[in-house]
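Have a look at the structure below before the remarks.
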Amino acid sequence: VQLQASGGGLVQAGDSLRLSCAASGRTLTNYHVGWFRQAPGKEREFVARIHRSNGATSYADSVKGRFAISRSNIKNTVWLQMNNLKPEDTAVYYCAATTVAGYVTEMKYYYGWGQGTQVTVSS
């Protein structure tokens, strides 16, 4: 499966943005999907994850209460709603898939990385 993130942009601190993750080639039904981000000069880090069928979600502590991940298997799409954005949220955001169950945050378990989408939050 190949995933592609979109919806990034330039916003001000406190604004909201919704990212989309679309799949090509295969249905997302069989995959858990994660969002990751990579800021300039930093390693890519886990942001959020959603179960393939029961909707269970998990988040990095830095985004809990501000970000929400959701999905529609009918639309073959996963979203990341980002509220109350902060300058430290500035990064390229990526989505990827995994079949590994549980709270999996390591990149090595995910695949189908596409080009990310840039999110820039100005202060």
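The values are calculated or read from the model by the stated rules, or taken from the named source; none is laboratory data. On a predicted model such as this, the values are computed, not experimentally measured, just so you know. So basically every Cβ, Gly included, is an ideal-geometry build from the backbone, and we count neighbours across all protein chains shown. These accessible areas exclude ligands, DNA and RNA; they are computed on the full protein's heavy atoms, side chains included. Shrake-Rupley method; radii C 1.70, N 1.55, O 1.52, S 1.80 Å.
Each row is one residue, and each column tells you yes or no for (1) surrounded by 22 or more Cβ atoms within 10 Å (Cβ to Cβ); (2) farther than 18 Å from G102 by Cβ; (3) without any contact (Cβ under 8 Å) to a residue 12 or more places away in the chain.
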site: A22; (1), (2), (3): no, yes, no
site: Y31; (1), (2), (3): yes, no, no
site: W35; (1), (2), (3): yes, no, no
site: A39; (1), (2), (3): no, yes, no
site: E43; (1), (2), (3): no, yes, yes
site: N54; (1), (2), (3): no, no, yes
site: D61; (1), (2), (3): no, no, yes
site: A68; (1), (2), (3): no, yes, no
- Would you pick out the residues in the range 76-103 that are more than 16 Å from S53 (Cα to Cα) and either open to solvent by 20 Å² or more (accessible area, probe 1.4 Å) or in contact with a His (Cβ under 8 Å, 6 or more places away or on another chain) (or both)? Q81, N83, N84, K86, P87, E88, T90, V92, Y94
- Task: May I ask you to list the residues in the range 10-21 that are assigned to a strand (DSSP E or B) and either under 11 Å from the mean Cα position of the chain (by Cα) or at positive phi (or both)?
- Result: R18, L19, S20, C21
- Message: Return the pair list, or none, for Cβ contacts closer than 6 Å from residues in the range 71-92 that are closer than 24 Å to T27 by Cα to residues that are open to solvent by 30 Å² or more (accessible area, probe 1.4 Å) and of a type outside the set (S, T, Y), at least 6 apart or on different chains.
- Response: T77/A22; V78/R71; W79/R18; Q81/R18; Q81/A68
- Task: Scan the range 107-123 for residues that are open to solvent by 70 Å² or more (accessible area, probe 1.4 Å) and in contact with a helix residue (DSSP H, G or I) (Cβ under 6 Å, 6 or more places away or on another chain) and jot them down.
- Result: S123
- With a cut-off of at least 2 residues that are aliphatic (A, V, I, L, M), name the strands (runs of 3 or more DSSP E) lying wholly within the range 22-123. 45-50, 67-72, 77-82, 91-98, 117-122
